[in-house]
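Engineer: I have a structure I would like to understand better, so I am pasting it below and will then ask my questions one at a time.
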Amino acid sequence: AELVRLGIPRNQITARGFGETNLLVPTPDNTREPQNRRVEIILR
């Protein structure tokens, strides 16, 4: 909502989930790693 408020068109905003396919810190299954619970905003 904040990006739209700042003028970025809603149709240019995409949210994608990666699950276990794009870990920041590789960990074994069932291991909690706070850095892997993140949101990344990439502006191009």
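The values are calculated or read from the model by the stated rules, or taken from the named source; none is laboratory data. Not measured: the values here are computed from a predicted model. Here the Cβ positions follow ideal geometry from the backbone for every residue, glycine too, while neighbour counts run over all protein chains shown. Just so you know, the surface numbers come from the protein's heavy atoms only, side chains and all, with ligands and any DNA or RNA stripped out. Shrake-Rupley method; radii C 1.70, N 1.55, O 1.52, S 1.80 Å.
Engineer: Across region 16-35, what is the number of residues that are open to solvent by less than 100 Å² (accessible area, probe 1.4 Å) and either assigned to a loop (DSSP other than H, G, I, E, B) or touching a Ser or Thr at 6+ places or on another chain (Cβ under 7 Å) (or both)?
Structural biologist: 10
Engineer: Every residue in region 4-15 that is in a loop (DSSP other than H, G, I, E, B) and open to solvent by 90 Å² or more (accessible area, probe 1.4 Å), please. Don't jump to the end; show me each part of the working.
Structural biologist: We begin by selecting, within region 4-15, every residue in a loop (DSSP other than H, G, I, E, B); these are 6-9, 13-15.
Result: LEU6, THR14, ALA15.
Engineer: Taking ARG38 as the residue in question, decide whether it is of a type in the set (D, E, K, R), open to solvent by less than 100 Å² (accessible area, probe 1.4 Å) and in a loop (DSSP other than H, G, I, E, B).
Structural biologist: Taking the combined requirement at face value, the residue satisfies it.
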